[in-house]
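The values are calculated or read from the model by the stated rules, or taken from the named source; none is laboratory data. What you see is a predicted model, and the numbers here were worked out from it, not measured in a lab. Virtual Cβ from ideal backbone geometry, glycine too; neighbours counted across all protein chains shown. To get the accessible areas, we keep the full protein, side chains included, count just its heavy atoms, and leave off ligands, DNA and RNA. Shrake-Rupley method; radii C 1.70, N 1.55, O 1.52, S 1.80 Å.
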Amino acid sequence: MKAAVMHGAGDVRVERVPDARLVESTDAVVTVARAAICGSDLWPYKDMAAGGSGRRMGHEAIGVVESVGKDVRKIRPGDFVIMPFAFSDGTCAFCHEGLHTSCLHGGFFGTDDVPGAQAEAVRVPHADGTLFALPVHADDALWPSLLTLSDVMGTGHHAARAARVKTGQSVAVVGDGAVGLCGVIAARRLGAEPIIVVGHHTDRIALAKELGATAAVSEQGTAAIDHVRALTGGLGVHSLLECVGTEQAMIDAIGMTRAGGAIGRVGVPHYHAIPEAAPAFYANISIGGGPAPARAYIEELLPDVLEGRIQPGRVFDRVVGLGEVPEGYHAMNARQAIKVMVRP
Ligand SMILES: [Zn+2]
């Protein structure tokens with residue numbers, strides 16, 4: 001079969017690889033209907049060292065189950081499934097607590113351990129715990145939004161939960177990428193008001209406003225902090241969704257959050273220590289978040305997707321075939337596309 005392999009920074013190739021197959025008795029093999037390129041895939045695209053055997057990329061997918069191992073009980077061949085970006089057994093202490101990304105037997109797709117989903121097919125460990133089989137036939141038009149439940153919509157929702165978003169309270173979303181846009185959707189869905197998006201890409205800000213943002217702040221650094229405070233009576237926001245992962249984004253986030261407020265961080269941190277410890281301490285700001293247990297949120301978010309109340313699939317603004325995945329990476333890295341969907 002064909003799959004996307006990253007060999008180093010800026011070097012993604014589509015290659016012939018061995019077919020995905022069952023390895024453990026709890027595995028499934030899923031034919032990929034749609035996959036995606038993630039903002040987090042851009043980190044290795046910027047800095048991965050060349051010279052290794054390459055990494056099979058992709059951790060977001062929807063598709064059809066082709067085969068299952070002998071110990072798979074719930075998932076059946078023919079099921080149309082959502083594949084969350086982390087695999088999980090569904091049975092350990094953390095899975096029972098809804099924190100599937102800390103599963104004692106879990107891990108992440110598109111790593112050195114488990115090949116990714118930017119491919120014709122993908123091997124899924126712990127199929128019964130990992131996969132979510134759709135209860136109804138899903139119209140093609142819903143596929144982009146269903147695909148976001150594998151990562152970005154669940155991640156935006158996780159940011160909102162970690163930031164303790166409440167009806168009628170103020171929210172700022174730092175970052176106007178796909179996760180930030182899904183954070184806007186999540187904040188609106190939970191009834192927040194106002195919702196301030198912080199970003200400086202004109203097209204993305206326009207989409208954020210269509211998805212529920214009530215104001216936009218396009219300055220950076222101190223000017224952005226001042227603007228958010230000006231929009232909130234000088235106090236800052238109750239809830240802040242940090243959807244970037246840089247140290248500057250966290251500095252801005254802490255500056256924009258009011259005393260007693262909460263920050264939900266879902267951008268993979270590319271810094272060693274959380275900055276601004278003293279200001280965050282004196283303002284009693286809670287900082288939470290981490291990799292979203294997307295598997296746990298599918299059941300909550302799915303009805304809103306199926307019934308059209310939220311349309312997170314709008315974050316996809318480009319579709320490529322498997323052979324054009326390298327161009328997809330280039331477009332996202334050059335900010336020519338918000339998020340790229342892959343149609344194998
Ligand atoms: Zn588990």
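Things worth noting here:
- Exclusive hit being open to solvent by 20 Å² or more (accessible area, probe 1.4 Å) and outside any helix (DSSP H, G or I), set Ala223, Ala213, Ala259, Ala206: Ala259
- Condition check for Val228: buried (at least 20 other Cβ atoms within 10 Å of the Cβ) and either in a loop (DSSP other than H, G, I, E, B) or more than 23 Å from the chain's Cα centre (by Cα) (or both): yes
- Boolean, Pro144 is within 15 Å of the ligand (Cβ to nearest atom), closer than 19 Å to Lys339 by Cα and either in contact with a helix residue (DSSP H, G or I) (Cβ under 9 Å, 6 or more places away or on another chain) or not basic (Lys, Arg) (or both): no
- Where a residue in region 68-91 is modelled with pLDDT of 95 or more and its partner, wherever it lies, is loosely packed, with under 13 Cβ neighbours inside 10 Å, with Cβ under 6 Å and at least six apart: Gly69/Ser25; Lys70/Ser25; Asp71/Ser25
- Count of residues meeting criterion [open to solvent by less than 30 Å² (accessible area, probe 1.4 Å), more than 18 Å from Gly177 (Cβ to Cβ) and in a strand (DSSP E or B)] in region 263-306: 1
- Taking region 1-19 as the range and being touching a strand residue (DSSP E or B) at 6+ places or on another chain (Cβ under 7 Å) and in a strand (DSSP E or B) as the test, the residues that pass are Lys2, Ala3, Ala4, Val5, Met6, His7, Val12, Arg13, Val14, Glu15, Arg16.
- In region 119-130, the condition of being of a type in the set (D, E, K, R), buried (at least 21 other Cβ atoms within 10 Å of the Cβ) and away from the ligand (no atom under 16 Å from the Cβ) is met by at least one residue.
- Qualifying residues in region 64-107 (those that are assigned to a strand (DSSP E or B) and touching a His at 6+ places or on another chain (Cβ under 9 Å)) - the one surrounded by the most Cβ atoms within 10 Å (Cβ to Cβ): Met83
- Taken over region 10-33, residues that are closer than 13 Å to Gly54 by Cβ, surrounded by 14 or more Cβ atoms within 10 Å (Cβ to Cβ) and touching a residue at least 40 places away in the same chain (Cβ under 8 Å) amount to 3.
- Tally of residues being part of a loop (DSSP other than H, G, I, E, B), open to solvent by 20 Å² or more (accessible area, probe 1.4 Å) and not charged (D, E, K, R) across region 108-118: 2
- Listed by first and then second residue, the pairs with beta-carbon distance under 6 Å, at least 6 apart or on different chains, first residue in region 280-292 and of a type outside the set (A, V, I, L, M, F, W, C), second modelled with pLDDT of 95 or more and in a loop (DSSP other than H, G, I, E, B), are Gly289/Val266.
- With respect to the stated conditions, Ala192 fails to be touching a Pro at 6+ places or on another chain (Cβ under 9 Å), at pLDDT 95 or above and either buried (at least 23 other Cβ atoms within 10 Å of the Cβ) or assigned to a loop (DSSP other than H, G, I, E, B) (or both).
- Once region 321-335 is narrowed to residues that are aliphatic (A, V, I, L, M) and surrounded by 17 or more Cβ atoms within 10 Å (Cβ to Cβ), the residue that is farthest from the chain's Cα centre (by Cα) is Leu322.
- Number of the condition not met by Arg13 [criteria: (1) within 16 Å of the ligand (Cβ to nearest atom); (2) closer than 24 Å to Pro344 by Cβ]: (1)
- Qualifying positions in region 307-320 - open to solvent by 40 Å² or more (accessible area, probe 1.4 Å) and part of a helix (DSSP H, G or I): Arg314
- Scanning region 134-169 for residues that are over 15 Å from Gly288 (Cα atoms), open to solvent by less than 10 Å² (accessible area, probe 1.4 Å), out of contact with any Phe, Trp or Tyr (no Cβ under 7 Å at 6 or more places or on another chain) and assigned to a loop (DSSP other than H, G, I, E, B) yields a single hit, Leu149.
- If the condition is being part of a loop (DSSP other than H, G, I, E, B), touching a strand residue (DSSP E or B) at 6+ places or on another chain (Cβ under 9 Å) and under 19 Å from Phe316 (Cβ atoms), then region 170-182 contributes Gly175, Asp176.
- Unique match (being farther than 25 Å from Lys166 by Cα and small (Gly, Ala, Ser)) among Ala278, Ala259: Ala278
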